[in-house]
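Notes follow once the structure below has been shown.
The values are calculated or read from the model by the stated rules, or taken from the named source; none is laboratory data. Since this is a predicted model, take the numbers as computed values, not measurements. Note that we place each Cβ from the backbone using ideal geometry, even for glycine, and neighbour counts take in every protein chain shown.
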């Protein structure tokens, strides 16, 4: 299945490169929406490839979430509105136990080159278990779920073309 997706991934990657170059030529105010589209497209393409090649233990993050926020303006002169109700998947974090305790784990090690950045987490036995948190662009909201009990490690490979790391592949074993 993954072999069938490779030509599509190559075409999509070239198109993303072209869009990135076009985005860089535009005024900064025009870049934000196009960059979000490029990030979402990149994450979606790699998620499809991961899904086709996934082992049974690798969880996947939803590619986009909708967030409903409520702002309380300081007075009646201000009117709140949501400029970005949908948020594309961006990155991952791991915690020992429920992540609401805010004990996010640093990667055990990192591999970084100009073409590639990979964060690796190793999970020793724990009575609390480990959780995956999916992080999204433009919001502090995350989605979290416990990892399967047998998961001993996870690797997140990031797309180095963005200043904020964007996960392009997540593998857990």
Examine the stretch 150-160 for a residue that is in a strand (DSSP E or B), touching a strand residue (DSSP E or B) at 6+ places or on another chain (Cβ under 9 Å), modelled with pLDDT under 95 and more than 25 Å from residue 70 (Cα to Cα), and state whether such a residue exists. yes
Within the stretch 64-90, residues being part of a loop (DSSP other than H, G, I, E, B) and surrounded by 11 or more Cβ atoms within 10 Å (Cβ to Cβ) number 5
Count of the stretch 100-131 residues which are outside any loop (DSSP other than H, G, I, E, B), under 16 Å from the mean Cα position of the chain (by Cα) and either over 21 Å from residue 166 (Cα atoms) or touching a residue at least 40 places away in the same chain (Cβ under 8 Å) (or both): 2
Only one of 40, 93 that is outside any loop (DSSP other than H, G, I, E, B) and modelled with pLDDT of 95 or more: 93
Inside the stretch 147-170, can you point out the residues that are over 13 Å from the mean Cα position of the chain (by Cα) and crowded, with 16+ Cβ neighbours inside 10 Å? 147, 151, 154
Taking residue 133, is it closer than 20 Å to residue 65 by Cα, touching a helix residue (DSSP H, G or I) at 6+ places or on another chain (Cβ under 6 Å) and modelled with pLDDT of 90 or more? yes
